[in-house]
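The values are calculated or read from the model by the stated rules, or taken from the named source; none is laboratory data. Predicted model, so just to flag it, every value in this text is computed and none were measured. Neighbour counts run over all protein chains shown; Cβ positions are idealised from the backbone, glycine included.
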Amino acid sequence: MILNRRKIKHTSQEEVGYDLGLIVPKKEAHFFTKVRISKKPVAGYGTQASKKKYSINHYFLKNKINLKEKYYPAEKIKNIKKFIKKNLKNDNDIVACFNNKILYGKGDYGHVSLIETINAETATLAEPQNAKRKRVILPKLIKAMIYHGRNKNRGGFWVISEK
């Protein structure tokens, strides 16, 4: 979604996922053409973007994309609403990394969504797998990010900006 919004040519979403270290359970491998199969990692199935060789910045560098990603733990930001508004105003993309169960009530795993808008007490998230929009309560999102980040799982904000 980020690369499309910025009109940057890229490979398929599946190939991007593979470059970010995507791991899936054996029972779901048939959905992919190129995939890593493993027992469930500590952070859950999905990408391994916290590892340098699978990081978003490594992907950008490898593919000569003039963007950078910077991680911000939610608990270290004094005014989260102001932080989000400022980054959106500066045309940055903000990815929220959170615990799905804390935010949505099911699925105890890490998940990411793109923050599209923010207002009084809610944020609108775009889901990567289907581009559906979900309006969420901001304090609940923050709680889910902090919870996911407790084991160094990069719960928080990933800000994508130009280099």
Condition set under 17 Å from Asn92 (Cβ atoms) and of a type outside the set (Gly, Ala, Ser), scope segment 104-127, selection surrounded by the most Cβ atoms within 10 Å (Cβ to Cβ): answer is Leu125
Just one of (1) among the hydrophobic types (A, V, I, L, M, F, W, C); (2) touching a residue at least 60 places away in the same chain (Cβ under 8 Å); (3) outside any strand (DSSP E or B) trips up Ile94, so point out which.
(3)
Condition broken by Val112, with the remaining ones in (1) among the hydrophobic types (A, V, I, L, M, F, W, C); (2) under 27 Å from Val24 (Cβ atoms); (3) modelled with pLDDT under 95; (4) in a loop (DSSP other than H, G, I, E, B) satisfied
(4)
Within segment 40-55, is there a residue that is surrounded by 13 or more Cβ atoms within 10 Å (Cβ to Cβ), modelled with pLDDT of 95 or more and not aromatic (Phe, Trp, Tyr)?
yes
Could you tell me how many of the residues in segment 17-55 are β-branched (Val, Ile, Thr), in contact (Cβ under 8 Å) with a residue 40 or more places away in the chain and in contact with a Ser or Thr (Cβ under 9 Å, 6 or more places away or on another chain)?
0
Small (Gly, Ala, Ser) and under 23 Å from Ile8 (Cα atoms): is that true of Ala49 in this structure?
yes
Just to be sure I understand, how many residues within segment 60-78 are over 18 Å from Gly110 (Cβ atoms) and buried (at least 17 other Cβ atoms within 10 Å of the Cβ)?
3
